[in-house]
1. N14 is checked against (1) touching a Leu at 6+ places or on another chain (Cβ under 8 Å); (2) modelled with pLDDT of 75 or more and fails just one. What number does that condition carry?
2. Determine which member of the set I37, I64 is at pLDDT 75 or above, open to solvent by 100 Å² or more (accessible area, probe 1.4 Å) and hydrophobic (A, V, I, L, M, F, W, C).
3. When region 1-34 is examined, which residues are found to be in contact (Cβ under 8 Å) with a residue 40 or more places away in the chain and either part of a helix (DSSP H, G or I) or open to solvent by 90 Å² or more (accessible area, probe 1.4 Å) (or both)?
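The values are calculated or read from the model by the stated rules, or taken from the named source; none is laboratory data. Treat the numbers as computed from the prediction; the structure is a model and nothing was measured. FYI the Cβ positions are ideal-geometry reconstructions off the backbone, even for glycines, and counts take in every protein chain you see. Just the protein is used for accessible areas: all its heavy atoms, side chains included, with ligands, DNA and RNA removed. Shrake-Rupley method; radii C 1.70, N 1.55, O 1.52, S 1.80 Å.
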Amino acid sequence: MSTPEELNEAIEANATAPASASNSTESASQHSLKDQIAVANRAERRALNAGRGKGRTVRFSKVIPPGAL
């Protein structure tokens, strides 16, 4: 998976390149900058959430003293 730095570099490169290009036989276009930024933000959030382990979940339990039955 790409790191956030790599994604930011790709977004910058795509922002400086033309949005679409064509010649006599082919044409190409790319996603909008808004979409690329949204993907980068989503990937960054996933990377942050991936660092959280399953052992850090909050658990609630009812404490009952031994003589309270």
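1. Here N14 meets the rest and fails (2).
2. None of the others qualify; the one that does is I64.
3. Within region 1-34, M1, P4 meet the criteria.
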